[in-house]
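A.B. asks: Take a look at the following structure, please.
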Amino acid sequence: MALAQAKLDAAEARLAGLDLPKGGWSAAARADALARLRAMGLPGKRDEYWRYTDPSTLTTASPAGAALFDAGDEAPLFDGIDRVKLVFVDGVFDAAQSDDPAAAGVEFLSLAKDIHWAKGLYGVLEARGQTPVERPLAALNTAAASEGVLIHVTGSAAKPVNLIYLHQNETSDAILHHVIKLDAGAEFTLLENGPAAARFNKVLEVEVGDGARFHHIRAQGRDHERRAVTHIFARLGAESLFKSFTLTANGVLTRNEAIIELTGDDAKAHVAGAAVGDGDFHHDDTVFVTHAALRCESRQVFKKVLKNGAVGVFQGKILVKQGAQKTDGYQISQSLLLDEASQFLAKPELEIYADDVKCSHGSTSGAIDETALYYLRSRGVPLRQAQSLLVLAFLAEAIAEIEDEAIAEDIRQRLENWLARHES
Amino acid sequence: MLEIKNLHVKLEEDDKVILKGVNLTVEAGKVHAIMGPNGSGKSTLSYVLSGRDGYEVTDGSASLDGAELLEMEPEERAAAGLFLAFQYPVEIPGVGNMTFLRTAVNAQRKSRGEEEMSAGEFLKVVREKAKSLKIDAEMMKRPVNVGFSGGEKKRNEILQMAMLEPKMCILDETDSGLDVDAMKLVAEGVNALRSEGRGFLVITHYQRLLDHIKPDVVHIMADGRIVKTGGPELALEVENNGYAGILSEVL
């Protein structure tokens, strides 16, 4: 009881420090989210769903500061990709630094504007995602976000949209909530990169219509002390495709949740992640895929490279509902531990209520293959370069989930730069 | 070229002594063969020369053109011109064969202060050399040695050797696991590399590889030492009488 009360008190304390948006088209959805949050309270260390990641720094009224990362002369990510840039500085949209969203060939609006079509979507997938597991930080986001983008894709988008999250204030606390709707047959690529803030809470709701294709590639910023909790809620229609890849390099604390529902027959959902951490780094991927239709395919591919005491967490679940026959579910989580101080904690789960399904899962932890290292060196490849090659090889299966080769190459380059910076 | 003097080696983990004073000199332009029964230390010699972990040199030296090999890291030995064709080539999932080869070639060039090969130039050279070893484009795209047959792996070793153009080539049981046709192909690849400035050390159990790669000198190794040295006829003697006969004669 005391524990439950402490969670409720924490929620009230957090809310007291926030300036909640009032009125507007999303008022009802926000009021519902607020009620959900007040009923659940904020997560605590004793919650089963937070067993491996301490949420306390994500729930305090104000964030700890995070020094800004100096990228030096490193080229900005996705620089060579023809895209529409939308820039947020410490969680606030910056029109002056952004491109005209119309160039992407999608309907675009800021969350602050009063609009019609997003009314029936805002907070809806988040609310669905609260069972069977509570996700109070997502409810908090829905209730409190005053910034975000609403994107409606009616056909094949002309260009990818790139949300760029700049971090300029060392104590910023940003909350963003995006909603994306792809009509039947539409296709759209969303790119996200940047640290966003000292502390970042983001929700992305994606409704993928029948036959639509959604590609999502994000790179979370490298500011060493930043903290982030993100949720992706996606619902997939028949024969649709959802692909999401995340690169995380550094960050004191990152919790990325993906809650994906395959509700139409023959849909495909792939979620992948590559995380690299050195030292004070805690990275948590928590994925919940629900198969609720026939012949759907899902893949979860998560790889982590950890050194100097870095910690990686994977909690992945595949739930196959009754009647979801011919499901093809795959889940792999692997870590490459570069020293004995680092650790990887994995909790793979399958829950299956249909009798004609194929589901596989695997989880491994290992060190760099010394024989492969010797082989490379015996051909003249210097030690550091050989290690980098093997680390990239380890991450290859996750990066392979990116369909666009130019984007994949950008991600590889970013990883190589990280490895070069963290050689010792 | 390659000069090994009184080389003593034991396993790092326990006190098992494997090489007990190996003396061997391979001159430029010559092919030396080392034959010997299982456990005589042939493969250990190749690993120690190429710099594999797990061995401790307790005495002796090995040098390549006067440069002391045993002090160097494996990549430095490679850059100095040493190449070992592995008995069991290593599989490296996730690293493309072509990427691997190009990285190796350019790393060696860089360490010798030479200019890196451009992608176009590299591709041209590798295609030509791969063709003569019957290595197709598909094999070059696949991850290093992953899913390769025994013969493909060995041909891939020879391709690496051809691309890296080492001064001193050590072939560790390159014939093991090969059928007659594959062995011929590999031997042709090796013979094509024979030149005045290049030395070879061919390690094998059997005489049959030496039918295709004709040695100038044959050594018999037993119990961590070279116990007999002779011409090509020594290999035939092994073939006819086995090791037992020769060993009883020298020990």
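The values are calculated or read from the model by the stated rules, or taken from the named source; none is laboratory data. Because the structure is a prediction, the values reported are computed rather than measured. Cβ placement follows ideal geometry from the backbone for every residue including glycine, while neighbour counts extend to all protein chains displayed. SASA here: full protein model, heavy atoms, side chains in, ligands and nucleic acids out. Shrake-Rupley method; radii C 1.70, N 1.55, O 1.52, S 1.80 Å.
A.B. asks: Across peptide B:88-99, what mean number of C-beta atoms from other chains lies inside 10 Å of a residue's C-beta?
C.D. replies: 5
A.B. asks: Among A:10, A:306, A:350, whose Cα sits farthest toward the positive end of the charge dipole of chain A (+1 at Cβ of Lys/Arg, -1 at Cβ of Asp/Glu, about the Cα centre)?
C.D. replies: A:10
A.B. asks: Hey, another quick one. Over chain A, what is the relative contact order in whole percent, taking alpha-carbon pairs under 8 Å and six or more residues apart?
C.D. replies: Details: 1120 pairs, mean separation 45.3, N = 424.
Reported as a whole number, the value is 11 percent.
A.B. asks: Counting heavy atoms of the protein chains only and a 1.4 Å probe, report the per residue accessible area for segment A:136-233 as a whole number of Å².
C.D. replies: Each residue of segment A:136-233 exposes 22 Å² on average to a 1.4 Å probe.
A.B. asks: Sorted from largest down, give the three principal axis spans of the alpha carbons of chain B, whole angstrom values.
C.D. replies: 56, 39, 35 Å, listed from the longest principal axis down.
A.B. asks: Under 37 °C and 0.692 mPa s, how fast does segment A:53-180 diffuse according to Stokes-Einstein, given a Kirkwood radius computed over C-alpha pairs? Answer in µm²/s, whole number.
C.D. replies: In µm²/s, the coefficient rounds to 196.
A.B. asks: Further question on the same structure: In whole percent, and with a 1.4 Å probe on the protein chains, what portion of the accessible area of the protein assembly as shown is carbon and sulfur?
C.D. replies: Details: 12940 of 26530 Å².
Whole-percent figure for carbon plus sulfur exposure: 49.
A.B. asks: Does anyone have the angle between helix B:119-132 and the longest principal axis of chain B? Alpha-carbon axes, 0 to 90°, nearest 10?
C.D. replies: For B:119-132 against chain B, the angle is about 50 degrees.
A.B. asks: Which three lengths, in whole Å and largest first, does the protein assembly as shown cover when its Cα atoms are put on their principal axes?
C.D. replies: Each principal axis gives a Cα extent; for the protein assembly as shown these are 100, 54, 49 Å.
A.B. asks: At a probe of 1.4 Å, how much accessible area disappears from chains B and A on forming the pair, both sides counted, to the nearest 100 Å²?
C.D. replies: What B and A bury together is about 1900 Å².
A.B. asks: Within segment B:36-131, which GluC sites (Glu not before Pro) sit in a loop by DSSP and count at most 16 neighbouring Cβ atoms inside 10 Å?
C.D. replies: B:71, B:114, B:115, B:116
A.B. asks: Also, quick follow-up: From Cα pairs below 8 angstrom and at least 6 apart in sequence, can you work out the relative contact order of segment A:68-210, rounded to a whole percent?
C.D. replies: Worked out over segment A:68-210, it gives 29 percent.
A.B. asks: Right, here's the next one. Kindly point out which whole DSSP H helices in chain A project their C-alpha atoms 15 angstrom or further along the helix axis while averaging a Kyte-Doolittle hydropathy of -0.5 or above. Display every interim value, and only then the final one.
C.D. replies: Values: long enough: A:2-16 (21 Å, 0.34); A:27-40 (20 Å, 0.36); A:383-399 (24 Å, 1.29); A:405-421 (24 Å, -0.79).
Taking the DSSP H segments of chain A (at least 15 Å long, mean hydropathy at least -0.5), we get A:2-16, A:27-40, A:383-399.
A.B. asks: Answer with one residue from B:100, B:66, B:54: the one whose Cα lies farthest towards the positive end of the charge dipole of segment B:44-124, charges on Cβ with Lys, Arg +1 and Asp, Glu -1.
C.D. replies: Most positive-ward Cα: B:100.
A.B. asks: If you line up the long axis of helix B:180-193 against the longest principal axis of chain B, both from Cα atoms, how many degrees apart are they, to the nearest 10?
C.D. replies: Once rounded, one gets 80 degrees.
A.B. asks: For segment B:3-42, which trypsin sites (Lys or Arg not before Pro) pass both filters: DSSP loop (anything but H, G, I, E, B) and at most 15 other C-beta atoms within 10 Å?
C.D. replies: B:16
A.B. asks: Of all trypsin sites (Lys or Arg not before Pro) in segment B:123-216, which ones are in loop regions per DSSP and have a Cβ with at most 12 other Cβ atoms within 10 Å?
C.D. replies: Details: sites: B:124, B:127, B:129, B:131, B:134, B:141, B:153, B:154, B:155, B:167, B:184, B:194, B:198, B:208; in loops: B:134, B:167, B:194, B:198.
Passing both the DSSP loop test and the Cβ count: no residue.
A.B. asks: Report, to the nearest 10°, how far helix B:97-111 tilts away from the longest principal axis of the Cα atoms in chain B, using its own Cα long axis and a range of 0 to 90°.
C.D. replies: Compared with the principal axis, the helix lies near 80 degrees.
A.B. asks: Something else now. Looking at this model, which pairs from B:154/B:228; A:304/B:131; A:321/A:347; A:347/B:153 are more than 32 angstrom apart at the alpha-carbon?
C.D. replies: Correct reply: A:304/B:131; A:347/B:153.
A.B. asks: Using the Cα centre of chain B as the reference point, and only Cβ charges (+1 on K/R, -1 on D/E), how large is the resulting charge dipole? Debye, rounded to the nearest 20.
C.D. replies: 680 debye
A.B. asks: Excluding residues on the same chain fewer than 8 positions from residue B:5, give the aspartates and glutamates whose Cα lies under 16 Å from its Cα.
C.D. replies: Partners found: B:27, B:56, B:59, B:65, B:68, B:71.
A.B. asks: Still on this model: Tell me, which residues of segment B:61-80 get at least 20 Å² less accessible area when the other protein chains come in, versus the chain alone (1.4 Å probe)?
C.D. replies: Buried on complex formation: B:74, B:75, B:78.
A.B. asks: What aspartates and glutamates could a cross-link reach from residue B:30, if we take a straight Cα to Cα line under 12 Å and drop same-chain neighbours fewer than 8 places away?
C.D. replies: Qualifying aspartates and glutamates at Cα under 12 Å: B:196, B:216.
A.B. asks: Find, to one decimal place in angstroms, the Kirkwood hydrodynamic radius of segment B:15-67, where the mean of 1/r is taken over every pair of different Cα atoms and then inverted. Provide the component values of the computation, followed by the final result.
C.D. replies: Working: mean 1/r = 0.0789 Å⁻¹.
Taking every pair of different Cα atoms in segment B:15-67, averaging 1/r and inverting gives 12.7 Å.
A.B. asks: With an 8 Å Cα cut-off and a minimum separation of 6 or more residues, compute the relative contact order for segment A:49-122 in percent.
C.D. replies: Across segment A:49-122, relative contact order equals 16 percent.
A.B. asks: For residue A:380, what charge total do you get from the other residues with a beta carbon under 10 Å from its beta carbon, if Lys and Arg give +1 and Asp and Glu give -1? The partial results should precede the final answer.
C.D. replies: Working: positive: A:377, A:379, B:77, B:109, B:110, B:112; negative: B:75, B:76.
Summing Lys and Arg as +1 and Asp and Glu as -1 gives +4.
A.B. asks: Report the charge-dipole magnitude of chain A in Debye, nearest 20, computed about the Cα centre from +1 at each Lys and Arg Cβ and -1 at each Asp and Glu Cβ.
C.D. replies: Result for chain A is approximately 760 debye, rounded to the nearest 20.
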